[in-house]
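One structure is given here, and the rest of the page talks about it.
The values are calculated or read from the model by the stated rules, or taken from the named source; none is laboratory data. From a predicted model like this one, the values you see are computed outputs, not experimental measurements. A quick note on method: Cβ atoms are made from the backbone with ideal geometry, for glycine too, and the neighbour counts reach across all protein chains shown. Heavy atoms of the whole protein, side chains included, go into the accessibility calculation; ligands, DNA and RNA do not. Shrake-Rupley method; radii C 1.70, N 1.55, O 1.52, S 1.80 Å.
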Amino acid sequence: IEQKQAVADCMNRLYQQGLTTTSGGNISLRVSDGVILLTPSATDKGRMRTDQIAEIGMDGTNHTPHLKPSGETSMHLEI
């Protein structure tokens, strides 16, 4: 949860600085060899919470099916 909080906090700061919009932009964090944390699609980026951070396997599997993965998921996985 600490890593999810870091992702949520970072996205909130980006929004507050005017570097992203409410619905635009995504960030990710690789937390293991098999999983990244990713801000999902269709979520208010200025009010991001830990329970809104998606967990995506490096094979593209969404481990949080209640969250819609970003359209940029494949780019985040490649990086």
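Over the chain, with the other protein chains present, what is the accessible area per residue in square angstrom, probe 1.4 angstrom?
Numbers: 4800 Å² over 79 residues.
Per residue, the chain has 61 Å² of solvent-accessible surface.
Under a model in which nothing but the beta-carbon of Lys, Arg (+1) and Asp, Glu (-1) is charged, the chain shows a dipole of about 300 debye around its Cα centre.
For the chain, adding -39500 (n - 2.57) for each run of n ≥ 4 DSSP H residues and dividing by the number of residues yields -8000 deg cm²/dmol at 222 nm.
For the chain, the share of accessible area belonging to carbon and sulfur comes to 49 percent (1.4 Å probe, ligands and nucleic acids excluded). For Rg and Dmax of the Cα atoms in Å, computed directly from the structure shown, the correct entry in (1) 11.4, 33; (2) 14.1, 41; (3) 12.2, 37 is (1). Comparing Leu14, Thr50, Leu67 along the charge dipole axis of the chain, the residue lying farthest to the positive side is Leu14, per the Cβ-charge model.
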